[in-house]
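The values are calculated or read from the model by the stated rules, or taken from the named source; none is laboratory data. All values derive from a computational prediction rather than experimental measurement. All Cβ positions, even for glycine, are placed from backbone atoms using ideal geometry, and neighbour counts span all protein chains on display. Accessible surface is based on the protein model in full, side chains and every heavy atom, while ligands, DNA and RNA are left aside. Shrake-Rupley method; radii C 1.70, N 1.55, O 1.52, S 1.80 Å.
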Amino acid sequence: MCAEMSDVSLLKAFEQFPASHETSRLLNVYDPEGFFLEIQATERSIEVAREIRRHLPHAAMVGYTRQCDRALRAQAAEAGVLELLVAPFTTADLRRALIRAFEARRPEVLPNLLAFLPAKPGSGASVTAFNTAGALAAHFDKKVLVIDADRHHGMLSVYANVDPPHTLDEALESSHELNNGVWAYRRVSVHGFDLLPMPRRYSTRVFPPWTYQRLIRFACSHYDLVLADLGEA
């Protein structure tokens, strides 16, 4: 099923639950964004879920089981399993559960990420984000990235007077391949800061939440400040 979902990569699979010390080592080695965990009517499966949640509190965890009652579902939820699928289920069921698990997980606090969210269209949030980035880059010597994340009315490329060859949609589509070499031609440099713009034409593409997480984590590890210009709520 993971192979059928082109934007999900399965890093490793196990035939049995690892011991506690092995769980810690594996989590440190792989640092995955999410987990698929078989939930059984045994204490060890619930213990593994708790160990995962303690080590990686921001990860999305989807459980699956062959038989489920109210008590097992409650145990799994208490251990941090955000979604529980009961077999048989389809690839579409799995994808929906994974999306819900990513949306329900504990928010990750990134101290160098700032978001500009307008109360209504035309309130000036985009102009504020654009000017703030320029001031931070020019007067405080900060390495700044601005992400135009207004998927309906992204205007930052217009403000910068650039026709970018690469956009946010392309960065999200290739989020699993982001590295320094790829990023060098994805970004656009304007007025002393880098810009990741929206396409000039209205974008109707929908991306799963893990692609945004990959992009944000990559950006925050490469810039002093990341400013996200969001659309209206």
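At pLDDT 85 or above, closer than 20 Å to Phe102 by Cα and not polar (S, T, N, Q): does that describe Leu26? Break it down stepwise before answering.
Values: at pLDDT 85 or above: yes; closer than 20 Å to Phe102 by Cα: no; not polar (S, T, N, Q): yes.
Against the criterion (at pLDDT 85 or above, closer than 20 Å to Phe102 by Cα and not polar (S, T, N, Q)), Leu26 does not qualify.
Select from segment 37-46 the residues that are at pLDDT 90 or above and either polar (S, T, N, Q) or open to solvent by 70 Å² or more (accessible area, probe 1.4 Å) (or both) and list them in ascending order. Give the steps one after another, and end with the answer.
Here is the first cut: in segment 37-46, the ones at pLDDT 90 or above are 37-39, 44-46.
Within segment 37-46, just Ser45 meets the criteria.
Given the residues Asp229, Asp169, which is the only one that is assigned to a helix (DSSP H, G or I), open to solvent by less than 50 Å² (accessible area, probe 1.4 Å), closer than 25 Å to Glu103 by Cβ and of a type outside the set (A, V, I, L, M)? So that I can check it myself, show each step before the final result.
Details: Asp229 fails: assigned to a helix (DSSP H, G or I).
On inspection, the qualifying residue turns out to be Asp169.
Pro111 fails exactly one of the following numbered conditions: (1) surrounded by 14 or more Cβ atoms within 10 Å (Cβ to Cβ); (2) within 23 Å of the chain's Cα centre (by Cα). What is the number of that condition?
Pro111 satisfies all of (1) surrounded by 14 or more Cβ atoms within 10 Å (Cβ to Cβ); (2) within 23 Å of the chain's Cα centre (by Cα) except (1).
Being polar (S, T, N, Q) and open to solvent by 70 Å² or more (accessible area, probe 1.4 Å) is the filter here, so list the residues in segment 47-81 that pass it.
Taking segment 47-81 as the starting set, the residues that turn out to be polar (S, T, N, Q) are 65, 67, 75.
Listed by number, the residues that qualify are Gln67, Gln75.
Taking the residues in segment 181-198 that are touching a Leu at 6+ places or on another chain (Cβ under 8 Å) and not in a strand (DSSP E or B) as candidates, determine which candidate is farthest from Asp141 (Cα to Cα).
Keep residues of segment 181-198 that are touching a Leu at 6+ places or on another chain (Cβ under 8 Å), which gives 186-189, 193-198.
Applying the additional criterion that residues be not in a strand (DSSP E or B) yields 186-187, 197-198.
Details: Arg186: 22, Arg187: 19, Pro197: 22, Met198: 26 Å.
Among them, the one singled out is Met198.
Would you mind finding the one in Gly154, Gly124 that is open to solvent by less than 80 Å² (accessible area, probe 1.4 Å), in contact with a Pro (Cβ under 8 Å, 6 or more places away or on another chain) and free of Cβ contacts under 8 Å to residues at least 24 places away in the same chain?
Values: Gly154 fails: free of Cβ contacts under 8 Å to residues at least 24 places away in the same chain.
Gly124 is the lone residue from the list that is open to solvent by less than 80 Å² (accessible area, probe 1.4 Å), in contact with a Pro (Cβ under 8 Å, 6 or more places away or on another chain) and free of Cβ contacts under 8 Å to residues at least 24 places away in the same chain.
Considering only residues of segment 29-44 that are outside any strand (DSSP E or B) and under 20 Å from the mean Cα position of the chain (by Cα), which is farthest from Leu85 (Cα to Cα)?
Looking only at segment 29-44, we keep the residues that are outside any strand (DSSP E or B), and these are 29-33, 39-44.
In the following step, the residues that additionally are under 20 Å from the mean Cα position of the chain (by Cα) were identified as 29-33.
Working: Val29: 27, Tyr30: 24, Asp31: 23, Pro32: 20, Glu33: 19 Å.
Going through the qualifying residues, I end up with Val29.
Within segment 177-194, track down each residue that is loosely packed, with under 13 Cβ neighbours inside 10 Å and either at pLDDT below 85 or aliphatic (A, V, I, L, M) (or both).
Taking segment 177-194 and keeping what is loosely packed, with under 13 Cβ neighbours inside 10 Å, we get 177, 179-181, 184-185, 189.
Correct list: Ala184, Tyr185.
Quick one: what pairs do we get from segment 129-146, first residue in contact (Cβ under 8 Å) with a residue 60 or more places away in the chain, second among the hydroxyl-bearing types (Ser, Thr, Tyr) and part of a strand (DSSP E or B), C-beta under 6 Å, 6+ apart or different chains?
none
Which of (1) open to solvent by 60 Å² or more (accessible area, probe 1.4 Å); (2) more than 24 Å from the chain's Cα centre (by Cα); (3) of a type in the set (S, T, N, Q) does Thr204 not meet, given it meets every other one?
It fails just one condition, (2).
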